[in-house]
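J.: Following this message is one structure expressed as structure tokens.
Throughout, read-outs are computed from the coordinates displayed, never taken from laboratory work. Quick caveat: nothing in here was measured; it's all calculated off a predicted structure. FYI the Cβ positions are ideal-geometry reconstructions off the backbone, even for glycines, and counts take in every protein chain you see.
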């Protein structure tokens, strides 16, 4: 099959890779109907993480092609979505809703879903069946659910976005924009998107942002304080993962507020005394997307949300390198890869 | 009046201080019936915080002696307890239960309650009336409620201790021990106290600890994993405030768990990637003791809890310096100062 590998930082190639096979009885093989490029794929692309001939991609929507002898909840031909972390969905951590930290977790990024097929470990726990046949627009939204929507949703839940809450969103990438959508769905009355880009501002407003703040740093904090009678946001979504973005998130959140952070942290240090003084709740990390998938699939298949519009560039798998360049140069918010010829 | 000052690190003196007076119409003056020495007082005592001629003490139980013209909810003669942070109890932050971060907060440590009298700012918001006349044992417990009990309680609430939860407590000082008591009251089934001292272990067991772990570091983490089928604690109380204790807390908490941290952080750095990978909730800081005071006073006055037994040394105010030495040398867990002659 054809699949994307990152040969070295900046060097994306589409190559012949061996077709995946059932390795364990709990595996399934899916035909990937669409995959995409994640903001977190840019970290190794830019050389921030060591990398060599790495298969790329961890988001996917597909059709079950083959199942292992111990797979019981999905069948060949089912349209399925799964999280970027395969999980058994039965351990105590999964049962508590933190499937991304399943004691048997397998990172789909180690398998690489920017490919025509993919092996899905722990298929019963990982895959969720999509009822009916998705429209093309719904299929794009389902792909978003696999990571960015689920991650933004987790961030909004971790930030306790809800009725009566003012939510600030730091980061206008796909995850930040999904956080806006999630905050809106969760009932937040006021949603402040921090963004300097007109196209992203427009999407943020479409997803439910009521206010846009272009300033950053101290000016950004002051702007959000101004919008909240001096108190700051109740709920803040951090969707970048840098020291600057974490400081921004802590700065705009009121005492007693909540920060949901899902930007993959790079060189971030949090000062213990500052966190002590702030008295804010923090929860973040790899999002347990699996927890939210049934609800998200329902919202998508009943056309209540359309997260798929976050894909503003679509390319055939063979042109993946251009997709990486476009996202790296911020010409695209998120790139969908058509994996079937 | 007589009162304690810290002249310089290690130099505790009991001196004549001016009697407090009503400075604002919202002030009250109380006769302090008992005060005490806090673990956090040891930071400046040991030179970790700069200090010069600082009035000491922020915990108190007392009787109202005088009220300002705008004080309406307490009257002269009332037995009262307040938090170590004076708060208006009406701003949005207070209403959300974070009175320790009231927008008009006054730290009682800046006033100094290790004295015969004390001015209480924002008396209506700060002071809670004790119904009836406390017994000597109840009076000691009420004094504990002013900080250590309220702080341990907040830590347990922040850690989401409750039925079905395994709670780990890092730190066997007064606050950690109060955290054990709080976890028990909140319904936790298993409470693991980390302690190496026989006297503190005994108190921890009295307050509800079901297990004691003496090991620290990796061995301490392994011991708690062993007690929890490899998962770690659901809820962890961090009551020390050092890099080591925070690492211990993060190490013993399961994915999806909660850390309530109330040790005043000194030189603590939290690695953003580590926090990301751990996927634990963190909430801490100065405890909003005022939130819990009505409930704590009720539990104390109905003899359902006896946190006052945490005071294992009682001295007259004039001997405060010996109290500081005893706590510094860990000869005493917590020292009560009798402030009335």
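J.: Please check: in the Gaussian network model of chain A (C-alpha springs, under 10 Å), which one of A:111, A:120, A:259 has the largest mean-square fluctuation.
T.: Its mean-square fluctuation being the largest, the pick is A:111.
J.: Now a separate question. What is the gain in length, in nm to one decimal, between residue A:331 and residue A:205 on full extension, counting 0.36 nm per residue of separation less the C-alpha to C-alpha distance?
T.: Working it through step by step, the gained length comes to 43.4 nm.
J.: Anyone know which of B:317, B:122, B:299 comes out most mobile in the 10 Å Cα GNM of chain B?
T.: B:299
J.: Also, I was wondering about something else. How shielded is A:212-218 by partner chains, expressed as the average number of their Cβ atoms within 10 Å of its Cβ atoms?
T.: Averaged over the peptide's residues, the number is 0.
J.: Mean-square fluctuation check for chain A, GNM, Cα pairs under 10 Å: which of A:143, A:283, A:181 is largest?
T.: Maximum among the listed residues: A:283.
J.: Of the listed peptides A:161-170, B:151-160, A:67-76, what is their order by residue-averaged count of other C-beta atoms within 10 Å, with the highest listed first?
T.: B:151-160, A:161-170, A:67-76
J.: Where the eigenvalues come from the Cα gyration tensor of segment A:150-284, what are the semi-axes √(5λ) of the equivalent ellipsoid, largest first, in whole Å?
T.: 19, 15, 15
J.: Per residue of A:99-107, count partner chain C-beta atoms within 10 Å of its C-beta, then hand back the mean as an integer.
T.: 2
J.: Which distances in nm, rounded to one decimal and ordered from shortest, link the label point of residue B:271 to the equivalent label points in the other identical copies, with labels set 7 Å from Cα toward Cβ?
T.: Ordered by distance, the counterparts are at 2.1 nm.
J.: Tell me whether segment A:286-336 comes out rounded, prolate or oblate; compute the Cα gyration tensor, take square roots of the eigenvalues as a ≥ b ≥ c, and use a/c under 1.5 as the rounded threshold.
T.: prolate
J.: What is the distance, in nm, between label points placed 7 Å from the Cα along the Cα-to-Cβ direction at residue A:314 and at residue B:46?
T.: So the label points at residue A:314 and residue B:46 sit 6.3 nm apart.
J.: If each DSSP helix of 4+ residues adds -39,500 (n - 2.57) and the sum is divided by the residues in the protein assembly as shown, what number results at 222 nm, nearest 500 deg cm²/dmol?
T.: That calculation yields -8500 deg cm²/dmol at 222 nm.
J.: Right, here's the next one. Where Rh is the Kirkwood radius over the Cα pairs of segment A:218-341, the temperature 25 °C and the viscosity 0.890 mPa s, what D in µm²/s does Stokes-Einstein return?
T.: The diffusion coefficient I find is 142 µm²/s.
J.: Rounded to the nearest 0.05, what FRET efficiency do residue B:133 and residue B:104 give with R0 = 25 Å and r taken as the Cβ-Cβ distance? Could you check?
T.: The formula returns an efficiency of 0.20 here.
J.: For chain A, take the longest principal axis of its alpha carbons; what is the angle in degrees between that and the long axis of helix A:217-227, to the nearest 10 within 0 to 90?
T.: 70 degrees
J.: What gaps in nm, shortest first, separate residue A:23 from its twins in the other copies when you place the label 7 Å past Cα toward the beta carbon?
T.: In ascending order, 6.8 nm.
J.: Here's another thing I want to ask about it. By DSSP, what percent of the beta bridges with both residues in the protein assembly as shown are antiparallel, rounded to the nearest 5?
T.: 55 percent
J.: Also, I was wondering about something else. Relative contact order (percent) for segment A:3-88, with alpha-carbon contacts under 8 angstrom and 6 or more residues of separation?
T.: 33 percent
J.: Counting DSSP beta bridges in chain A, what percent are antiparallel, to the nearest 5?
T.: For chain A, the DSSP antiparallel bridge percentage is about 55.
J.: Now for a different question. Calculate, for residue A:225 and residue B:304, the FRET efficiency according to 1/(1 + (r/R0)^6) with r their C-beta to C-beta distance and R0 45 Å; round to the nearest 0.05.
T.: FRET efficiency, residue A:225 to residue B:304: 0.60.
J.: Separation between the residue A:53 and residue B:277 pseudo-spin-labels, each 7 Å from Cα along Cα→Cβ, expressed in nm?
T.: Each label point is offset 7 Å from its Cα along the Cβ direction, giving 2.6 nm.
J.: Using bins 10 angstrom wide from zero, how does P(r) for the protein assembly as shown break down, in % of all Cα pairs?
T.: It works out to 3, 15, 23, 22, 16, 11, 7, 3, 0, 0, in whole percents.
J.: Follow-up. What is chain A's relative contact order, in percent, from Cα pairs under 8 angstrom and six or more apart in sequence?
T.: 19 percent
J.: I've got another one for you. Would you list A:54, A:218 from fewest to most Cβ contacts within 10 Å?
T.: Listing A:54, A:218 from fewest to most nearby Cβ atoms yields A:218, A:54.
J.: Just the number: Rg to Rh for segment B:1-119, Cα atoms, Kirkwood Rh, two decimals.
T.: With Rg and the Kirkwood Rh in hand, the quotient comes to 0.98.
J.: Only Cα pairs under 8 Å and at least 6 apart count here; give the relative contact order of segment A:150-284 as a rounded whole percent.
T.: The normalised contact order for segment A:150-284 reaches 27 percent.
J.: Can I ask one more? Residue separation times 0.36 nm, minus the C-alpha to C-alpha distance between residue A:63 and residue A:269: what's the value?
T.: Length difference between fully extended and current span is 70.0 nm.
J.: What is the mean number of Cβ atoms from other protein chains located within 10 Å of the Cβ atom of each residue in peptide A:237-248, rounded to a whole number?
T.: Taking the mean over all residues of the peptide, I get 1.
J.: Continuing with this model, one more query. How far is helix B:148-158 tilted off the main Cα axis of chain B, in degrees rounded to 10, range 0 to 90?
T.: Value to nearest ten degrees: 40.
J.: Taking the alpha-carbon centroid of each part, what is the distance from segment B:229-264 to segment A:186-206 in angstrom?
T.: 35 Å
J.: Residue B:330 label points, 7 Å along Cα→Cβ, one per copy: pairwise distances from this copy to the rest in nm, shortest first?
T.: 5.2
J.: Another question, if that's okay. Please label the shape of chain A as rounded, prolate or oblate, based on the square roots a ≥ b ≥ c of the eigenvalues of the alpha-carbon gyration tensor (a/c under 1.5 means rounded; beyond that, a/b larger than b/c means prolate, else oblate).
T.: Prolate.
J.: For chain A, take the longest principal axis of its alpha carbons; what is the angle in degrees between that and the long axis of helix A:136-145, to the nearest 10 within 0 to 90?
T.: The angle comes out near 70 degrees.
J.: Continuing with this model, one more query. Can you classify segment B:213-259 as rounded, prolate or oblate using the Cα gyration tensor, where a ≥ b ≥ c are the square roots of its eigenvalues, rounded means a/c under 1.5, and otherwise it's prolate if a/b beats b/c and oblate if not?
T.: Oblate shape, in that a/c is at least 1.5 and b/c is the bigger or equal ratio.
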